[in-house]
Structures are given as C-alpha cells and as structure tokens.
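Data block below; observations after.
The values are calculated or read from the model by the stated rules, or taken from the named source; none is laboratory data. Worth saying up front: this structure is predicted, and the values here are computed from it rather than measured. Note: ideal-geometry Cβ built from the backbone for every residue, glycine included; neighbour counts use all protein chains shown. Ligands, DNA and RNA are stripped out before the accessible areas are found, and what is left, the full protein with its side chains, is counted by its heavy atoms. Shrake-Rupley method; radii C 1.70, N 1.55, O 1.52, S 1.80 Å.
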Amino acid sequence: MTVNTPLCFRGKKILAPMVRVGTLPMRLLALDYGADIVYCEELIDIKMMQCKRVINGKYSISFVLDTVDFVAPNERVVFRTCERERRHVVFQMGSADAERALAVAKLVENDVAGIDINMGCPKEYSTKASMGAALLSDPDKIESILSTLVKGICKPVTCKIRILPSVEDTLSLVKRIEKTGIAAIAVHGRKSLVLFLSLLERKKEERPQHPVHCDVIKAISEAVSIPVIANGGSHDFIKEYTDIETFRKATAASSVMIARAAMWNPSVFRKEGLFPLKEVMQDYIKYAVRYDNHYTNTKYCLCQMLREQLETTQGKKLHTAQSTQEICEVFEMADFYEEMTAIFEAKKTSLETETQDEDDQMEDPDVIKMPVRFDKREYPPQITPKMYLLEWCRKEKHPQPVYETVQRPLDRLFCSVVTVAEQKYRSTLWDKSKKLAEQAAAIVCLRTLGVPEGKLCEGENHLINKRKREDQEHLNNRDHGEDLAEPSHKKANFIEETSDTNVPKM
C-alpha cells in the first residue's frame, strides 16, 4: 500500500520508546526542544484492542483538552495524543500475533505517523508472552507480523530490536526483516537474552552499564538499504546535543534514537545546548497539567530528571506529593495550576451549556418526557417497571418494548428512550447506569398510559401474585416429573437482562 505520510527516518533525532516516560507531556516537550520523531511507550496489543477511540467532540473530556484518547473499559486513558504530534509520533506496540497487531494499527493509524513493533524489550512480562526480545528467536513470527502490517496499513512500519549473540545471526535477521518492506529498523546496540543451542542455554542480557556495540550497529547499517536508527548511546556517548552526531558517525546509522539521556533532560535535543533542569521540569509540568496527565506518571518522570537530587528538600517533597496540585506546589507553580484549572472549568461549563442548548433545539417533539428516576427501594424485590411494561405489552398484543440508550462521555451518564406501540418515551433526567435509565424510561411510559408500575404503594401487586402462582405450579409439575417450560416471569427477566447491549456515545 502507498505510504501517505511525509515521515522520514534519515537524519533524524528521535525520542526512544520508554515505559512510563514516553507519554504525551514528554513527547511534546522533546518536540519543543528539537526532536524530529517521538515514540510512545510500548503498549500491549491485547490492552489496546479493548479501547475505544474518543475523539474531540461534545460531552468529551478530550474536547476540553484537544486530544484524541484511547480509553479502556475501566475508563483509564491508555494512549493520549494530539494534533501537535500527529505527524511526528510513532505508536509502539508489544505484540506476538500478526492479526492482533494489524487490528491495533488500524485503530490508531489515523492519529499517528507510524507503527513500531517492539522486539527488544528484555523484561519478563514481555518475553513470557512471546513479545519483545522473545520475538528475536522466532524469525517466522517476525516476518508474519511485519509483512501483515506493511500490507495492511497506510503508515510506515518500523521495528526495534537488540543485537543477537553473533554478528552473523544479527545480519541474517535484519536482512530478513528488510524484505518485509518496513520503513526503518531501530537497533539497540546491546545483546539480547535469546534462546540458542537449546532451551536451557541462554545468553546473559546486557544491561546499560555494558558498552554499546557500535561496530555491530555499523555492520547492520552497511548490510541493509533501509534507514538504521542507532540506540543505546546514552551511557557511553550522549550527554549533550553535539554527542548525538558523534554516536551517529560511530555507528554509520541514518538516525539516532535517545532514551535515558532524554529522560534525564529532554533538552538534550536542543542544538543551542541544555536548559537548566529546573526550567525543563517546569516546562514538563506545564504539559502534564495542560493534558491532564495522571499525577503518578508525572511524578515518576520528574523523579527520573532529579536523579541524584532526590534526597534534597525538593526531592523529598516530590516523593510525598499525592496529586498534580501538590506537585505544582513543590515546583513553585501553584498559581499556574489554579489558572489552568479555572480555564478547564470555564471551558467545560461553556460546552455543557452549549450542548444543552443544542439538545433542546434538536429534541424530538414526538417523544413523551417526564423528569423521573427509578428508585428500587420503592419496588418489591425482583419487580421492576420494565417487567410491568413487558407484561402490559404482551396483554395488549403489542411487540415487546425496544430500548435505545446513549451515554454522555463527559459525565458518563445515560439516557434511554423506550418505544411502545410506535410511541417513544424517556426521562429528562440522566442516570448513572444503563439499567437505571431504561427503568426510568419504562416508568414514563407506564405513567403516561395510566398503567401500574409495581410500586409498593400501589397495593396488591398482581405480578408478584402471578409469579407466586407460576412458581407453585412449576414446583408441583416438577414433583410429578414433568419437564415444562420456564414461567413467564423468568422469560421477562431473561429479556430484561439480555437487553444490556453496547451503549453508543453521543
């Protein structure tokens, strides 16, 4: 497929993918300081496949932030991006399955500049799932994943590897990778923990304190025609901007990818030289607040910058901080936090008012509405308005009620419309769950029709009496060995439970 992006991997200075570091604030800060390309932290395919893409829109917190969010079922933002980085950010994923990798790539490709597969992570959580460095011992799987991505998406595909125990095996692997059609290959110049000779014989993983093998990266650069991105030079080479080119020349690579040196001070990308650390941390905090970064992640990144200063008074205060506000206070930015909070609240209020006005204008005049809520304390156990409405529809020979429910992403509240005999009913009040919203809609319908809804105050409950009779008949039949159908109230329960399908968002 044709790559429709200007992203190029030659002559670039790149922020490496780093777990807990490569989130949106750090990526944006690196771009500000001069990075050409930024990789996000590795995100696992299975986790990403569960996410929903929340675009900028009404009722969405991402509209207030001007972001695109990929949100897990537990409402946690797994990946957040914005227009500022769309042509520069490469999405790195952990995957051991070609189809899963493609599904995730398709989910995010319109919001990123490229897709990368992590084949270098030595951590046990990754290798145990056959991801990361474990892929290096399975060239067939590597080829399958990369070829599937190259053919299946319109953005450039890259991968990041570690070198193998022998130069010959490394060159053989990268040549095979090149044939998949990927746009570039990033090489961490330390050896990976890989299986060889037997399942019991392993090579010791090389850690950051081991010297980077510039000669092997150089051999790779000379062996393939695609861009090679050199990584791993923070310990031996890169302390400031001018060192980046020194490392590139030593490896004959097309570009340089920086991890720890950028984590310690992202202004390493500035050709004019490093900024003072205090100024860098304040710049980082501004992005963290601006994009609602979770305070634990903000705190972690700031600790990586402070390093040997963690035992200072400021470092100890940062260690005890339990919110973004407290972090801002540690760095003398309390006024900035209050200012941004006020801006967010004003924007949120304005959006809510604007959207409510639009809702009022667009409201379907044919829908019958009442301001009601369902309170289960007002009803007998296991008896609900939905069940009464279903019974009434059966008695009147109407089709069973149809519920349509929507959720507002901003406040996560639900509203349901029930259609009975071609007439629609809804409550004007939004509820905290889909089931409560459907019960409220059923109440509006029953009250409009003048039909009992099953409340305790309504006196004798015919549905309870009916259920008692059916239960007794069912027990009697079972005593006589007859295998009869379930009573109708159980059918009603089944219909009510299975109506809880996926809820679209407004």
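At-a-glance table
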{"read-out": "Length-normalised contact order of segment 12-275 in % [C-alpha pairs under 8 Å, at least 6 apart]", "value": "17"}
{"read-out": "Two-decimal Rg to Rh for segment 290-351 - Kirkwood Rh, Cα set", "value": "1.06"}
{"read-out": "Cleavage-rule hits, GluC sites (Glu not before Pro), segment 405-456, DSSP coil, Cβ neighbours within 10 Å at most 10", "value": "Glu422"}
{"read-out": "Neighbourhood net charge (14 Å Cβ-Cβ; Lys/Arg +1, Asp/Glu -1) for Arg87", "value": "0"}
{"read-out": "Label point distance in nm, Ala342-Ser166, each placed 7 Å from Cα along Cα→Cβ", "value": "6.9"}
{"read-out": "Extension reserve of the Lys395-Ser225 stretch, reckoned as 0.36 nm per residue once the Cα distance is removed", "value": "53.6 nm"}
{"read-out": "Too-long pairs where the Cα-Cα distance tops 30 Å, listed order kept, from Lys191/Lys239; Lys47/Lys386; Lys106/Lys249; Lys52/Lys141", "value": "Lys47/Lys386; Lys106/Lys249"}
{"read-out": "Heavy-atom accessible surface of segment 12-275: percent carbon and sulfur, 1.4 Å", "value": "52"}
{"read-out": "Local electrostatic count at Val224 - Lys and Arg +1, Asp and Glu -1, tallied over other residues with Cβ under 9 Å", "value": "-1"}
{"read-out": "Segments 113-121, 246-254, 367-375, 315-323 sorted - mean Cβ within 10 Å per residue, highest first", "value": "113-121, 246-254, 367-375, 315-323"}
{"read-out": "Electrostatic dipole magnitude of segment 227-346 [Cβ: Lys, Arg +1; Asp, Glu -1; Cα centre; debye, to 20]", "value": "580"}
{"read-out": "Pairwise centroid distance, computed over Cα atoms, of segment 223-258 with segment 169-187, Å", "value": "17"}
{"read-out": "Radius 14 Å from Cβ of Ser323, net charge of other residues (Lys, Arg +1; Asp, Glu -1)", "value": "-2"}
{"read-out": "Computed lengthening from Thr246 to Lys123, 0.36 nm per intervening residue step minus Cα-Cα distance", "value": "41.3 nm"}
{"read-out": "Rounded accessible area per residue of segment 363-449, 1.4 Å, Å²", "value": "50"}
{"read-out": "Percent RCO, i.e. relative contact order, over segment 250-360, from Cα pairs under 8 Å lying at least 6 residues apart", "value": "20"}
{"read-out": "Simple label model, 7 Å out from Cα along Cβ direction - Cys154 to Arg10, nm", "value": "2.5"}
{"read-out": "Mean separation of Cα contacts under 8 Å, 6 or more apart, over the residue count of segment 120-191: relative contact order %", "value": "32"}
{"read-out": "Fully extended contour minus Cα-Cα distance, from Arg447 to Glu143, at 0.36 nm per residue", "value": "103.1 nm"}
